[in-house]
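Everything below concerns the one structure shown next.
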Amino acid sequence: MLSIAAIQDDDVSFLMLANRVADQTLRQFHPTNVYLVRTDHWFDHKWLGFSGKILGALSVTKRRLTIPPFVPNRVISQETYSTDEGTGAYAHTDAPPLHLVQPSRQNLTRFIDRVTQSGVFIWFSGSTQQTGMGSIMTYVVAGDSQIAWYASFQRAAAWQINKVSGLSKSELLHLTDGVVHEQDV
């Protein structure tokens, strides 16, 4: 469906994993819009559902998903795609950046469903060749429904699941479609 291209310091095997997750998620949900966001390096599970901070210290997580408040200098790239009504295929489109420089309190109301009512948002880590660690976080918006999950991976002989939140390991194994095997878990 879509292909995430490698850039400097990306582990090609990790990108295969991210591509499989993206393909399986798009097949499952058939969203109108797709956002692929590459961060500068690994990020942890605390970003899942994180909205921002109040009073400079207290973190806020909301039931209605907000755009995770990554500072823009952590974002290496954002690719956006929309369904072409004629062919049904995804075509690259221009879209404003998801991540903005702004006070944290403004992040608390940047609801993801205001971006699209039919979308898949996938954040994945860069610099995986250097660090041997990778992260994938996915938000799905389908009308009034919202789904979010996070997975981290570590490279040994092959990429292995490290931590999963928001879905089961068996669901993640299905999404990776053979790139990560159960014996690696």
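Where strands (runs of 3 or more DSSP E) fall entirely within region 1-110, those with at least 3 residues that are over 17 Å from the mean Cα position of the chain (by Cα) and modelled with pLDDT under 95 are at 50-54, 58-61.
Considering region 70-90 alone, what residues qualify as being farther than 24 Å from Phe50 by Cα and open to solvent by 40 Å² or more (accessible area, probe 1.4 Å)? Correct list: Thr83, Asp84, Glu85, Gly86, Thr87, Gly88, Ala89, Tyr90. Among the residues making up region 162-176, those that are open to solvent by less than 70 Å² (accessible area, probe 1.4 Å), in contact with a strand residue (DSSP E or B) (Cβ under 6 Å, 6 or more places away or on another chain) and on the phi < 0 side of the Ramachandran plot are Val164, Ser165, Leu167, Leu172.
Of all residues in region 111-134, those that are in contact (Cβ under 8 Å) with a residue 40 or more places away in the chain and part of a helix (DSSP H, G or I) total 6.
Here is a yes/no grid of residues against (1) in contact with a strand residue (DSSP E or B) (Cβ under 7 Å, 6 or more places away or on another chain); (2) more than 21 Å from Ala148 (Cβ to Cβ); (3) touching a residue at least 60 places away in the same chain (Cβ under 8 Å):
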site	(1), (2), (3)
Leu17	yes, no, yes
Phe70	yes, no, no
Arg74	yes, no, no
Thr87	no, yes, no
Gln102	no, yes, no
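Scanning region 108-135 for residues that are β-branched (Val, Ile, Thr) and either over 14 Å from Pro68 (Cβ atoms) or surrounded by fewer than 22 Cβ atoms within 10 Å (Cβ to Cβ) (or both) yields Thr109, Ile112, Val115, Thr116, Val120, Thr128, Thr131.
The values are calculated or read from the model by the stated rules, or taken from the named source; none is laboratory data. Fair warning: this is a prediction, and the values are worked out from it, not measured in the lab. Reconstructed Cβ throughout: ideal geometry from the backbone, glycine too, with neighbour counts over all protein chains shown. Surface accessibility is based on the protein's heavy atoms, side chains included, excluding ligands, DNA and RNA. Shrake-Rupley method; radii C 1.70, N 1.55, O 1.52, S 1.80 Å.
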